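These notes concern the structure reproduced below.
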Amino acid sequence: MPTPLMRTGLALAAALCLCGAARADGTDDHHRFVENAIDGYIRPEFRRFADSLHVLDERIGAFCSAPDVAGYDNMRGAYSDALAGFARVTFLRFGPLVEDHRLERLLFWPDRKSIGRRQAEQAVRERDDSVLTVESLKGKSVAMQGLLALEPVLFDDARESLLSGGADAEFRCGYADAIGDNLVSISDGIATEWEAPDGYAALLLAPGPDNIAFRSDQEAASQVLGGLTTGLQIVRDQWIGPILGQGPGKPKPRMALFRRSGNSLVMIRAGVEGVKDYLAALEVEPMLDEEYAWMGSSLQFELSSALKTLGEMKEPLTKTLRKREAYDKLAFIDVVLDGVRDSAGEELAVALKIQVGFNALDGD
Amino acid sequence: MRSTEIDRRLLLAGAGAALLAGLAPRQLAAMEANDTLFLSARKEGDSGYAVVVFTPDGKDVVRVPLPGRGHDVTLHAASGRAVAFARRPGTFAAAFDVLGKRAPVFFSSPEERHFYGHGVYSPDGKLLYATENDFENGQGFIGVYDTSDGYRRIAEFASGGVGPHEVLLAPDGRTLVVANGGMETHPDYGRTILNLPTMKPTLALIDRLTGEIIACHDLGESERLSSIRHMTIDGHGSVWFGCQFQGGKTERPQLVGRLKRGDEPELMSAPQDILRGFNNYIGSVMTSRDGETIATSSPRGGQVVYWNAASGEILGRDRVVDGCGVAPRPSNDFLISDGAGELLAGGPGDGGKPAVIARNSSVAWDNHMVGFRV
């Protein structure tokens, strides 16, 4: 029970915070901005992603113990959900996700030479025992360990074999089970580290001269804002750009991520939704001066318009993208995302007083 | 050392008279009033790019507009030839005369190659060596260009690694030193790193006459994520290099090292405070005019750190927000450029307080700067 004195103290602290919010350097705003990101998006989303991998792992087990069409479709659904979950967190490329090559072990992409698929197919073909346990799988190429490798092992052309049972199906199930366990272990680790009170979140929330990663709230806020621009850049450079190819009439839909399981648009959509929800969670409006007050809702509007157009697109892209209309839609989405990225990286950063210098932003 | 000399006496007498006759009054006045000029690429306004030659107090002498963002400029002092390269993955290069005596010549990397933003001339200025990416095969190359034939590409050889970045010429005039950053990229995926789990940066020594790789050093498995990018050669002939760490901020590895000819590369021992101040990123590495001081800049950390070239000790630090370009001044300290259009004078003797020399808020100085004597 708080005593009256404590209540006064809390009220006073709250009042002090309010005063502080008006300070010109935006320190308190920056702190709150970082808090919003962590509590409003990063922690719950990484936990949700881990949960989606638990479900996938269970459904792989359930299907493999009694293969039938319903079980297969359940597994396929869980795979799509896990990919969408990944797309919603992949842009948070700081802290736990980038430790120990976790990002690449979850999903090795871009994979220009289809290393992941070829190595996974080879392991299946040669019945390579070393992919059957998490421990030995961890010693293999990162491209064989995660979501990318699961596609040829379980989906793609594997459906008939898996449904018919037999030695090939048994091996695929063993490999998929090891990947599933590996994914669960990695994603649980990331979620738990983000949730820890003394982990990376504490570095973001308590900057200072002795903090190994962040010297000021502004630096921490800059890292957090970077998630937005990184997210849009990933969707454009890695998921959309390659399939747009050299222009209308020359799309390269075969380069689409997760094309063979029909999840290319799932990824792109979830990636844009993730960025949009992240932006909303940051709650930038109260931190913006009047002249910039329009920014938050304007960026939301742009992202909604990209999502609306995305909703009109259909798989498989290898067929649909042949039509000029569909190509133009994807090109339009690309342009919109580019505009949002520029605004978030420049104007929004200026408005939030966390602009990053020309050389620092994009050095070489 | 990239502080280099155009022979003033030669220029002012004999053959030089004819050259000087072709100079516009502005360039002539700049030459007479200054013994040092500087070169750098910059962004102008919202979307313009140029490479400029400018005086120590920041006044433009020559300005060459570029079709896109530039990176480093390399100079052949005796002839006044210079080339500004596109920033990766750009494909253009602009060859120009540092005193504006000839119209600039633009040339490109070949099909399925792009530049990395750096290059170096042969001692006689006849050949230009440029770092290039064979992106379909993920291999680094050195392209050789003939300066007397419109910068026609006449040869190439392997760079000794993936993602070659800066290339320098060793004091022997024959050995190229190449920083292979180790990171594979492909224009289909923008600047995305394609090989983070397997990247392996190297420092390669290459015989420029034969293309033979004489030595290929690395920093060991523990430093695999430290991409070696920029270098300078000190007054003792050692190569100093700066790295960009590709891991997270919870690690603060050593980023500055030195390679003595015939030895293995060694990393310096900067204290934690300096390492945090680098924020895992070195943007430029440069030797002072006397060859005894090394400057290493970090725009991401906002600091420039000075090292004793002989002992490897840290001599001082300046805080410069977004400072990246560093070039030697005659006083053995450095000119520093930043992304806010400022030029500052800094060095180990400034007590941590670099002096602002010029400010032009309509430009953003790009990563590198070169100084030369006239």
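The values are calculated or read from the model by the stated rules, or taken from the named source; none is laboratory data. Here the structure is a predicted model, which is why all the values come from computation and not from measurement. Cβ placement follows ideal geometry from the backbone for every residue including glycine, while neighbour counts extend to all protein chains displayed.
Observations on the structure shown:
- Residue within the range A:186-199 that is within 12 Å of chain B (Cβ to nearest Cβ) and not in a helix (DSSP H, G or I) present: yes
- The range B:134-181, residues that are out of contact with any strand residue (DSSP E or B) (no Cβ under 9 Å at 6 or more places or on another chain), among the acidic types (Asp, Glu) and over 23 Å from residue B:104 (Cβ atoms): B:136, B:172
- In the range A:78-118, the qualifying residues are those that are acidic (Asp, Glu) and within 13 Å of chain B (Cβ to nearest Cβ), and the one that is farthest from residue A:142 (Cα to Cα) is A:99.
- Members of the range B:33-85 that are among the charged types (D, E, K, R) and farther than 24 Å from residue B:230 by Cα: B:35, B:44, B:46, B:57, B:59, B:60, B:63
- When A:142, A:131 are screened for being in contact with a helix residue (DSSP H, G or I) (Cβ under 7 Å, 6 or more places away or on another chain), more than 14 Å from chain B (Cβ to nearest Cβ) and of a type in the set (A, V, I, L, M, F, W, C), only A:131 passes.
- Search result, residues across the range A:67-119 that are in contact with a Pro (Cβ under 6 Å, 6 or more places away or on another chain) and closer than 29 Å to residue A:226 by Cα: A:101, A:104
- The residues on offer are B:321, B:285, and the sole one that is within 20 Å of the chain's Cα centre (by Cα), within 14 Å of chain A (Cβ to nearest Cβ), surrounded by fewer than 17 Cβ atoms within 10 Å (Cβ to Cβ) and not basic (Lys, Arg) is B:321.
- Subset tally (residues that are within 23 Å of residue A:181 (Cα to Cα), among the acidic types (Asp, Glu) and more than 14 Å from the chain's Cα centre (by Cα)) for the range A:28-58: 3
- In the range A:209-249, the residues that are within 12 Å of chain B (Cβ to nearest Cβ), touching a helix residue (DSSP H, G or I) at 6+ places or on another chain (Cβ under 8 Å) and among the acidic types (Asp, Glu): A:237
- Close contacts from the range A:349-364, counting a first residue that is under 18 Å from residue B:69 (Cβ atoms) and aromatic (Phe, Trp, Tyr) and a second that is buried (at least 20 other Cβ atoms within 10 Å of the Cβ) and modelled with pLDDT of 90 or more, with Cβ to Cβ under 6 Å and a gap of 6+ residues or different chains, come to A:358/B:339; A:358/B:364.
- The helices (runs of 4 or more DSSP H) falling completely within the range A:210-314 that include 2 or more residues that are among the charged types (D, E, K, R) map to A:217-234, A:264-282, A:295-311.
- Residue count for the range B:182-237 satisfying the condition of being in contact (Cβ under 8 Å) with a residue 60 or more places away in the chain, in contact with a strand residue (DSSP E or B) (Cβ under 8 Å, 6 or more places away or on another chain) and within 21 Å of residue B:312 (Cβ to Cβ): 9.
- Members of the range A:192-212 that are under 22 Å from the mean Cα position of the chain (by Cα) and surrounded by 21 or more Cβ atoms within 10 Å (Cβ to Cβ): A:194, A:200, A:201, A:204
- For the range A:65-81, the criterion of being surrounded by fewer than 16 Cβ atoms within 10 Å (Cβ to Cβ), free of Cβ contacts under 8 Å to residues at least 12 places away in the same chain and outside any helix (DSSP H, G or I) is met by at least one residue.
- Residues considered: B:125, B:100. Of these, the only one that is away from every other protein chain (no Cβ under 14 Å) and modelled with pLDDT of 95 or more is B:125.
- Listed by position, the strands (runs of 3 or more DSSP E) inside the range B:183-235 whose residues that are more than 10 Å from every other protein chain (Cβ to nearest Cβ) and modelled with pLDDT under 95 number at least 1 form an empty set.
- Test for residue A:273: is it among the acidic types (Asp, Glu) and within 13 Å of chain B (Cβ to nearest Cβ): no
- Meets criteria (more than 10 Å from chain A (Cβ to nearest Cβ), assigned to a loop (DSSP other than H, G, I, E, B) and surrounded by fewer than 18 Cβ atoms within 10 Å (Cβ to Cβ)) for residue B:247: no
- Out of A:227, A:245, sole residue that is surrounded by fewer than 18 Cβ atoms within 10 Å (Cβ to Cβ) and small (Gly, Ala, Ser): A:245
- Residue list for the range B:60-75, filter: outside any strand (DSSP E or B), touching a Lys or Arg at 6+ places or on another chain (Cβ under 9 Å) and away from chain A (no Cβ under 14 Å): none
- Some residue of the range B:325-341 being of a type in the set (S, T, N, Q), surrounded by fewer than 17 Cβ atoms within 10 Å (Cβ to Cβ) and either free of Cβ contacts under 8 Å to residues at least 60 places away in the same chain or within 12 Å of another protein chain (Cβ to nearest Cβ) (or both): yes
- With respect to (1) more than 21 Å from residue B:189 (Cα to Cα); (2) surrounded by fewer than 23 Cβ atoms within 10 Å (Cβ to Cβ), the lone exception for residue A:104 is condition (1).
- Filtered residue count, the range A:142-165, keeping only those that are more than 15 Å from residue A:184 (Cα to Cα), modelled with pLDDT of 95 or more and not in a helix (DSSP H, G or I): 2
- Whichever residue in the range A:124-183 is farther than 27 Å from residue A:98 by Cβ and touching a Pro at 6+ places or on another chain (Cβ under 9 Å) and, among such residues, is surrounded by the most Cβ atoms within 10 Å (Cβ to Cβ): A:162
- Strands (runs of 3 or more DSSP E) contained entirely in the range B:76-176, each with at least 1 residues that are surrounded by 20 or more Cβ atoms within 10 Å (Cβ to Cβ): B:81-86, B:92-97, B:113-121, B:127-134, B:139-146, B:164-169
- Out of B:156, B:132, one residue alone is among the charged types (D, E, K, R) and either more than 16 Å from residue B:183 (Cα to Cα) or in contact (Cβ under 8 Å) with a residue 40 or more places away in the chain (or both). It is B:156.
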